[in-house]
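Here is the structure we will look at, set down as structure tokens.
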Amino acid sequence: PYEYILQGADKITADYLVEKFKNLILSDKFPAGYTLPNENTLCEKLGTGRSTLREAFKVLSAYGLITRTKHGTYINESKDFSTSLMIDYNFEESGMREILEFRKIFEAESAYLAAQNATTDDIKELKKIMIKIEDCEGDPAALSYNDVAFHYMIARCTHNRLLLSIMKLISDTYYKGIRSQFEKIGHIGEQTTLQATIYHHTKIFDSILLKDSEAAAKAMRDHMDSILGEIEKLEPEAK
């Protein structure tokens with residue numbers, strides 16, 4: 001495992017160590033109960049200073065991945081891990097098809113509830129985001145950001161605190177995944193990515209505006225299916 005930590009390292013920083021140790025722990029390379037070497041030994045193995053190692057350990061402790069005692073540093077059981085960390089890790093390790101399947105289920109039902117519960121102010125906010133999306137020609141980063149903002153706003157429209165909390169946890173991972181999609185795809189069917197985004201978001205928006213829950217859920221499923229279809233063209237193994 002320590003060779004893995006050093007593999008490809010230009011410089012050993014605290015952030016670098018956090019990422020490497022996190023992957024080793026979450027993939028069970030360092031199982032629950034495993035005791036890490038003492039600081040001096042670990043610093044020697046990794047070629048780093050104690051201050052860097054301690055800074056990394058503070059973050060790993062905050063994630064619930066390790067426990068530090070006078071007797072040593074131990075790997076915690078998975079039940080002690082941060083929920084948000086686990087969600088992010090599982091999203092990062094999932095294939096695009098798995099992510100889109102999850103989004104299809106989660107967001108279709110969110111759209112259904114949003115159509116029932118959205119207020120006038122919610123609708124105004126959604127419309128503002130729609131206008132921003134229309135101005136994203138030639139700017140994939142801005143399109144990705146506003147796409148996530150649109151879907152996050154739909155979660156807010158549900159007025160369900162649990163749904164909104166889950167969306168908060170996964171928004172950063174969504175952004176990375178969506179930007180990757182836009183950069184890879186370029187087109188969805190005969191439309192550009194921007195045109196397709198506007199088309200599908202308009203259908204979702206109109207359904208929520210009309211308080212048509214069934215139509216909102218269907219529009220969201222169609223949106224996810226359109227992206228999934230393009231991903232499968234690029235990555236046939238995703239089928």
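The values are calculated or read from the model by the stated rules, or taken from the named source; none is laboratory data. Because the structure is predicted, anything quoted here is derived from the model rather than measured. Here Cβ is always computed from backbone atoms with ideal geometry, including for glycine, and neighbour counts include all displayed protein chains. Areas reflect the complete protein model, heavy atoms only, side chains present, ligands, DNA and RNA absent. Shrake-Rupley method; radii C 1.70, N 1.55, O 1.52, S 1.80 Å.
Details
- Hey, Thr67 in contact with a Phe, Trp or Tyr (Cβ under 8 Å, 6 or more places away or on another chain), at pLDDT 90 or above and outside any helix (DSSP H, G or I) or not: yes
- Residues of the range 1-29 that are under 16 Å from Thr73 (Cβ atoms) and basic (Lys, Arg): Lys20, Lys22, Lys29.
- Condition check for Asp10: out of contact with any strand residue (DSSP E or B) (no Cβ under 7 Å at 6 or more places or on another chain), modelled with pLDDT under 95, closer than 18 Å to Ser82 by Cβ and open to solvent by 60 Å² or more (accessible area, probe 1.4 Å): no
- Condition check for Glu125: at pLDDT below 95 and charged (D, E, K, R): no
- Some residue of the range 120-128 being closer than 26 Å to Thr192 by Cα, in a helix (DSSP H, G or I) and open to solvent by less than 10 Å² (accessible area, probe 1.4 Å): yes
- Cβ pairs under 9 Å, 6+ apart, first in the range 67-96 and at positive phi, second among the hydroxyl-bearing types (Ser, Thr, Tyr) and outside any helix (DSSP H, G or I): Gly72/Thr35
- Single residue of the range 133-145 satisfying the filter (farther than 15 Å from Gln195 by Cβ and surrounded by 15 or more Cβ atoms within 10 Å (Cβ to Cβ)) that is modelled with the highest pLDDT: Tyr145
- Exactly one residue out of Leu100, Leu17 is modelled with pLDDT under 90, in a helix (DSSP H, G or I) and either out of contact with any Gly (no Cβ under 6 Å at 6 or more places or on another chain) or not hydrophobic (A, V, I, L, M, F, W, C) (or both), and it is Leu100.
- Matching residues in the range 30-51 - criterion: being closer than 19 Å to Lys79 by Cα and surrounded by fewer than 13 Cβ atoms within 10 Å (Cβ to Cβ): Pro31, Gly33, Thr35
- Answer from Ala155, Ala196 - the residue that is modelled with pLDDT of 85 or more, within 19 Å of Ser84 (Cβ to Cβ), open to solvent by less than 70 Å² (accessible area, probe 1.4 Å) and part of a helix (DSSP H, G or I): Ala155
- Residues in the range 52-108 that are surrounded by fewer than 17 Cβ atoms within 10 Å (Cβ to Cβ), among the hydroxyl-bearing types (Ser, Thr, Tyr) and either touching a His at 6+ places or on another chain (Cβ under 7 Å) or within 19 Å of Thr13 (Cβ to Cβ) (or both): 1 in all.
- Within the range 54-66, the residues that satisfy the criterion of being touching a residue at least 12 places away in the same chain (Cβ under 8 Å) and not aliphatic (A, V, I, L, M) are Arg54, Glu55, Phe57, Tyr63, Gly64.
- In the set Lys233, Lys218, Lys168, only one residue is surrounded by fewer than 20 Cβ atoms within 10 Å (Cβ to Cβ), among the basic types (Lys, Arg) and at pLDDT 90 or above; that residue is Lys218.
- Total residues in the range 123-155, condition free of Cβ contacts under 8 Å to residues at least 40 places away in the same chain and in contact with a helix residue (DSSP H, G or I) (Cβ under 6 Å, 6 or more places away or on another chain): 9
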